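Visitor: Handing you a structure now.
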Amino acid sequence: ATIDGVDVTDELLAIDENGDPYLNCAGTYRCKNAIMSCNRVHCEGNEACQSASFEFTNSVTCRGLHSCHWANVTHIISPQDVERDDQANVLCAGEGACDVTTIYGPDDLHVKCIGTKACRQAYITADTIYCTQGGARYQACSKFASLHASTCLVCGHQGCADHINQCRYQFPIGEEYKPCKPETMFGDCDATVRDAFELEVSGEEQGTGG
């Protein structure tokens, strides 16, 4: 990992409770303009990982106000991924998380946007995209968010604005753009996603927005 041409890998490297390494970008503006290639990245804090570029194999977490703002996030499939049971994922949680962010991983990536204005104006291409738990006025995945899902697309509770100039989607990828529809689910979504969606639309579960 580098920031402005300086190698900061050792400074950012952390170990989780399972003994697995990850890059820890916690703090206001932490890892701004960073270039990272790794298994996992954790960005937490106001504008953490702003304008950063990631290539990752396992997961990216963007948590906090405008975390991962203007970032470019690309999932890379490694030979080890073929043997993995879990799906690679990007989590954008908090007000304005992943604002104007580009996320790419059409083959094996689950992207979840949670919170008011989460994934606002984002350009997302993924296997599964789930937008949820925004606000009544500013939903998750709004302000011209562009969603491209190859397998599953979910607009949960207060997820996805309902006008094509606010949120548009392609399902499957390459089809004509259509306006997003709140509280809808398209495609062959896995059981965990279906169960979460059904709880949301039944009113049995309410989110905190980050």
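Visitor: For region 1-37, how many residues are touching a Pro at 6+ places or on another chain (Cβ under 8 Å) and open to solvent by less than 30 Å² (accessible area, probe 1.4 Å)?
Guide: Residues flagged as touching a Pro at 6+ places or on another chain (Cβ under 8 Å) and open to solvent by less than 30 Å² (accessible area, probe 1.4 Å) within region 1-37 amount to 1.
Visitor: Name the one entry in T74, T61 that is at pLDDT 95 or above, crowded, with 19+ Cβ neighbours inside 10 Å and part of a strand (DSSP E or B).
Guide: T61
Visitor: In this structure, is D162 of a type in the set (D, E), over 17 Å from A97 (Cβ atoms), free of Cβ contacts under 8 Å to residues at least 40 places away in the same chain and surrounded by 13 or more Cβ atoms within 10 Å (Cβ to Cβ)?
Guide: Yes; evaluated as a whole, the condition is true for this residue.
Visitor: Please pick out the residue among C141, C152 that is modelled with pLDDT of 95 or more and on the phi > 0 side of the Ramachandran plot.
Guide: Within the list C141, C152, the selection yields C141.
Visitor: Given (1) surrounded by 24 or more Cβ atoms within 10 Å (Cβ to Cβ); (2) more than 27 Å from D190 (Cβ to Cβ); (3) in contact (Cβ under 8 Å) with a residue 24 or more places away in the chain, where does V90 come up short, assuming only one miss?
Guide: (2)
Visitor: Also: List every residue pair whose Cβ atoms lie under 7 Å apart, where the two residues are 6 or more positions apart in sequence or sit on different chains, the first residue falls within region 134-150 and is over 23 Å from Y104 (Cβ atoms), and the second residue, located anywhere, is open to solvent by 50 Å² or more (accessible area, probe 1.4 Å).
Guide: Within 7 Å, the pairs are G135/Q158; A136/Q158; Y138/K117.
Visitor: Would you say D127 is without any contact (Cβ under 8 Å) to a residue 40 or more places away in the chain, charged (D, E, K, R), closer than 24 Å to S51 by Cα and touching a His at 6+ places or on another chain (Cβ under 8 Å)?
Guide: No: the conditions fail for D127.
Visitor: Shifting gears a bit: Determine whether region 112-124 contains at least one residue that is under 14 Å from the mean Cα position of the chain (by Cα) and hydroxyl-bearing (S, T, Y).
Guide: Within region 112-124, one or more residues are under 14 Å from the mean Cα position of the chain (by Cα) and hydroxyl-bearing (S, T, Y).
Visitor: Filter region 106-126 down to residues that are buried (at least 24 other Cβ atoms within 10 Å of the Cβ) and within 15 Å of S150 (Cβ to Cβ), then give me how many there are.
Guide: 4
Visitor: Moving on. Read through the list (1) modelled with pLDDT of 95 or more; (2) part of a strand (DSSP E or B); (3) open to solvent by 10 Å² or more (accessible area, probe 1.4 Å), then give the number of the only condition that E95 fails.
Guide: (2)
Visitor: Select, from N46, N89, N39, N24, the only residue that is in contact with a Phe, Trp or Tyr (Cβ under 9 Å, 6 or more places away or on another chain) and part of a strand (DSSP E or B).
Guide: N39
Visitor: Which residue pairs have Cβ atoms closer than 7 Å, lie 6 or more positions apart in sequence or on different chains, and pair a first residue in region 167-192 that is over 25 Å from Y138 (Cα atoms) and open to solvent by less than 60 Å² (accessible area, probe 1.4 Å) with a second residue that is charged (D, E, K, R) and at pLDDT 90 or above?
Guide: Close Cβ pairs (under 7 Å, with a partner that is charged (D, E, K, R) and at pLDDT 90 or above) do not exist here.
The values are calculated or read from the model by the stated rules, or taken from the named source; none is laboratory data. Please read all numbers here as calculations on a predicted model, not as lab measurements. Note that each Cβ is placed from the backbone with ideal geometry, even for glycine, and that neighbours are counted across all protein chains shown. Heavy atoms of the whole protein, side chains included, go into the accessibility calculation; ligands, DNA and RNA do not. Shrake-Rupley method; radii C 1.70, N 1.55, O 1.52, S 1.80 Å.
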